[in-house]
Every structure is written in structure tokens, then in C-alpha cells.
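Encoded as C-alpha cells, the structure appears first; notes follow it.
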Amino acid sequence: MKALITVIHLTLLQIIKSKIFYLSLVLSLFLAVAVILFSDISLGQNIRIIQNFGLAGTFLLAVLISILASANIIGNEQQRGNIYLLKTKPVADLTYITGKFLGLTFGLLIIYLFSFLLVFAGASIFYEINTTQIIAPFVLSFLEIAILIAVAVLFSSFSTALFASILTLAIFFLGHSLDLIRSATTDSGFFLESVGQLVYYTLPNLEKFNLRETISNLPNLPTTYYWWTVIYASAYIIFCLCLSVIASNKREW
Amino acid sequence: MIFLFTGVVAQIASDNLFNQALREARVQQILPTNFFDSSVLKKINLNFNKATADYIWLSTIQYFGGGNPNLPYESLSQMLFTVVELDPKFEYPYLFGGIILPWQNEPEAGLRLLDKGQKHFPNNGLLYYYAGFIAKLNLNDSERAAGYFQTAVGKKDTPPAARLLAGISLSSLDDKQFAKTWWEGVLESEENESIKERARVWLDYLNTTIELEKIIQLAQQQTGQKISSLQDLVELGYLIKLPQTELGELEYDALTGRVDKVN
């Protein structure tokens, strides 16, 4: 437990001291200003523009930073050789991987929360923002980011930082296109249809966390939906972390 | 810094030259219209439909607001349809298109957009109200206009004048009795005095024209003569003088058998 907390703490410090962290703060500020300025030229649709652009912008910024940070922080440790020093310590792979994941997740939560508050708190000075329509999408979007961090950690455990970033980005695109893939392979023969179904259920279905599009059309989503989404995210994260541990064990250091 | 400054100056110069060429060629802003195909956008935007719709909406405002008002805005209807296809619950583009597209000589597109909006916002009376105007003024379709205005009455945001406009549209249709019933309802239930006054005027007009049409039929049956104008009724003694209404002089169209006010 002590080792886990140490790894989490050190990972958090790595994120806070990294250039990506300061870049994200600056980008958040630009995003907040841009969203408010764009809303001014929307012919009276200010609140709508702030809500949609704010949610989408902060989310995409957090996704980009999570992919870059996750792949680079673990990749850099391997490149600099710090990982070899760690391997000599009595720190299990599971502890290391879990600690890295949790540290990255907390760090990204700080960044995402900061940009989210900057955009919406700034906008609420000028307009009345409906918080019920932004809180739930924020929470589910964060779960999606947590999944992407877990995927990035998995890919980082057996490949370079650049390759891990590219693969995680590909998973992000695929995760939002699974409905398209499944519908494209439906009625295309048994083999293709099976592949489509396999891909649909194996890859992380990130659309499940996309409440940005549906919250206004489905304001009364039952609480059980949110619980099932949390269970899905947790299961997938644990699955990725387990695969990371196996990959790390098999690797020859 | 010198190179950056040079780049900025070059960009300003090229933008000015390009815009000047557009003005001289009398061409509206060049837009990649294929980009505004909603079916394509939905496939590539990773389900960021609302944000994409908002982006296209902002582009639409810049296109319309920043363009040359003396030239047609050829991409406007496509952009508006793309916005509402990406986010059907975005209300304002339906209303915007309903007002602007008829002015751009695209009344049918405006009507299609409003019809689309009515499916998603069935309680927004303005969508029917604007549709009624397009049907009446641009398409000269009184029947369709009457339908829209009648539906608009009583809905949210509908101006009180909708009742008047429904009645006026109904009054130009074949079924005058129905129009008369409409005006009687307005007179009975309307609280706005000016609308009540207009209803009274139109009811009086309809009563007069209905009576005149009955007198013409009677005269034709009794005399065996074809009545060609209201003056004939005066000459035959069925009327003392040519009737007048507050809406103006009346005339008889022998082809349709209708008595209406002179346009």
C-alpha cells in the first residue's frame, strides 16, 4: 500500500512538473476565451454555444493531454532507464501499473476539472448556465478519459511512447465509431458480421460515455444507466491494467 | 520577427486581392459545399453532432452576415439544413431559415425547413405562423396558409394576429361558411378589441358576399338570364344600389360564381 501511494504521488508530481501540464493550463485559458467570444457571434444562441463548445472543447483537450501524458510519462521512464532501477526494488508490476494509472488519472482529473471550471465558471459570469446539463456529461466524459489512460498504459507497457500514443488515438476514434462499424458489417455475410460483432464488444464503446449529445433529449435517464456505465468503465479499466501487468511480466528487462 | 511581419502583410494583401476578385466577379463567398453534407459529417465527426452543428451555425451566420447582400446566398439553405440534420433540436435555425429563405427566393426550402421544425417543436406556434406567411405571400396558396395559421392559433409564442390571418386565408377559399364560422368564433372568444373589430368587418363582408351569391342564383333561376355583374342585379331590381363593405367595393366573377372584394 505504501509503495502504491508512493508511485501515485511520484506520478502526480511528474505530471504537475511536466510541460504538458502548463501547456494544458494555457490552452484551457484560450479555450475559455474562445468559447465566450464565439458565443457572442451566435445570434442569441450564447448559452447553447458555450455549453456545446465548452463540453466538447474541454473534453477533446483532456483526451489529447491524457493520451500524450500517459504514453510519455511511462515511455520516458523506460527511455531514461528509471524503470530498471524500479525493477530492483520490491515493487510488484501490479503496484507499479496501478499506481501509474491512478496517478495519471488524478493528474488528468485536475487538468480536466480546471479547464471545465475555467470555461463554465467564466461563462456563468455573463450568462446563466444550466448546471444539470453539464455535470453528468462531465462525469461520464471523465470515465471515458480514464479508460483511454488505461489503454495508453497498456500500450506503453510493450511499445514506445510515440507508438502507444498513436494506438491510443486510434482506439479513441474506433471507440466512437463502433456503431458505424457494426452497422456497416450487418448483412455482409457471416464472417464479416461476426468480425463486426467481435470488434463492437471487444473494443471500448466510448459512445456510452457521450452524454453531451443526449442529455438534452433524455433528461430523465434512470440512475441505473449511470451505474451500468460505471461498471462497464471499471471492468474495462481493470481488464487493461491486467493485460499491462501480463505484458510487463513477459517483457525482458 | 521580420519574417513574421512579412507573412502577416502578405496574408492581408492576398485576402484583400481575393475579396476584390470575388466582388468583381459578382460571386458570393466560395464555400466547400460538400463539407456541409450532414450524412458525411455524421460519419466523420465522432458523434460530436451538437458541436458540429454549432460550428456550421456560426459559419452560416458569418456567411450570411459577411456576404454581399446584392448577390444570392446559394449555400444558405444547404447550411441551414445541415445544422438541423446534425441537431434536430436546435430550434433557432428553423425560425431563421423560415424568415430569410423566402427573402432569398427560396420559399419552398423555407417551408420545408419549417415543416421539419414543426415535427421536433410541435408546440412552437411561430414555426406554423411563418409557414403560413410563406404559403400565403410567396406561394399564393391560401388553403395551405389557412391550415398553418389555424394550427398556430393557441400555441406558444404565436402572435394574436394568427387568428386574423387564418380567417383572411379561409375567406379566400371556396368554403365561405367555414370561414364565417371561424370569424364568429374569433368575435365570441377574442379579448383583443382591435382583432374583434377586424373580425366584425370580415364577418360583415362574408355575410354580404354569401347573401349576394344567393341573390345571384335566385335571379338566374327566376329570370333565366346569366348574371355577369352586380350591376345586372341593380338593373333587374334585385338590389337598390351596389353594395359596399368596409373592405371595399365588391365584384362578381361569373366564371367562379364568387362575389369578392376588388383587389
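The values are calculated or read from the model by the stated rules, or taken from the named source; none is laboratory data. The structure displayed is predicted, hence computed values, not measured ones. Glycine also receives a Cβ, built like all others from the backbone with ideal geometry; neighbour counts cover every protein chain displayed.
Name the single residue that is farthest from the other protein chains (Cβ to nearest Cβ) among those in the stretch B:57-88 being among the β-branched types (Val, Ile, Thr) and buried (at least 23 other Cβ atoms within 10 Å of the Cβ).
Keep residues of the stretch B:57-88 that are among the β-branched types (Val, Ile, Thr), which gives B:60-61, B:82-84.
Adding the requirement that they be buried (at least 23 other Cβ atoms within 10 Å of the Cβ) leaves B:60, B:82-84.
Working: B:Thr60: 9, B:Thr82: 15, B:Val83: 11, B:Val84: 13 Å.
So the residue we want is B:Thr82.
Per-residue answers, yes or no, for (1) under 18 Å from the mean Cα position of the chain (by Cα); (2) among the small types (Gly, Ala, Ser):
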{"position": "A:Leu13", "(1), (2)": "no, no"}
{"position": "A:Lys19", "(1), (2)": "no, no"}
{"position": "A:Leu25", "(1), (2)": "yes, no"}
{"position": "A:Ser28", "(1), (2)": "yes, yes"}
{"position": "A:Val33", "(1), (2)": "no, no"}
{"position": "A:Asp40", "(1), (2)": "no, no"}
{"position": "A:Gln45", "(1), (2)": "no, no"}
{"position": "A:Ala56", "(1), (2)": "yes, yes"}
Lone qualifier among A:Ala170, A:Ala184 - being under 30 Å from A:Asn76 (Cα atoms) and hydrophobic (A, V, I, L, M, F, W, C) = A:Ala170
ask   = When you scan the stretch B:148-263 for helices (runs of 4 or more DSSP H) that lie fully inside it, which ones turn up with 1 or more residues that are within 27 Å of the chain's Cα centre (by Cα) and crowded, with 18+ Cβ neighbours inside 10 Å?
value = B:161-171, B:176-189, B:193-223
query = Being farther than 23 Å from B:Val201 by Cα and either touching a Leu at 6+ places or on another chain (Cβ under 8 Å) or in contact (Cβ under 8 Å) with a residue 40 or more places away in the chain (or both), is that true of even one residue in the stretch B:138-152?
reply = yes
ask   = Where in the stretch B:1-114 are there helices (runs of 4 or more DSSP H), lying wholly inside it, with at least 1 residues that are assigned by TED's automatic domain parsing to the domain that holds B:Ala131 and free of Cβ contacts under 8 Å to residues at least 40 places away in the same chain?
value = B:38-44, B:49-66, B:76-86, B:92-103
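Looking only at the stretch A:164-198, count every residue that is touching a residue at least 24 places away in the same chain (Cβ under 8 Å) and either of a type in the set (A, V, I, L, M, F, W, C) or under 15 Å from B:Asn47 (Cβ atoms) (or both) and tell me the total.
Initial filter on the stretch A:164-198 (touching a residue at least 24 places away in the same chain (Cβ under 8 Å)): A:164-165, A:168-169, A:171-172, A:174-176, A:178-179.
Within this subset, residues satisfying the condition of being either of a type in the set (A, V, I, L, M, F, W, C) or under 15 Å from B:Asn47 (Cβ atoms) (or both) are A:164, A:169, A:171-172, A:174-176, A:178-179.
Going through the stretch A:164-198 one residue at a time, the tally reaches 9.
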request  = State whether one or more residues within the stretch A:26-48 are in a helix (DSSP H, G or I), of a type in the set (Phe, Trp, Tyr) and more than 27 Å from B:Val83 (Cα to Cα).
outcome  = no
key: Top-ranked residue in the stretch A:184-207 [being modelled with pLDDT under 90 and within 11 Å of another protein chain (Cβ to nearest Cβ); ranked as nearest to A:Ile238 (Cα to Cα)]   = A:Glu207
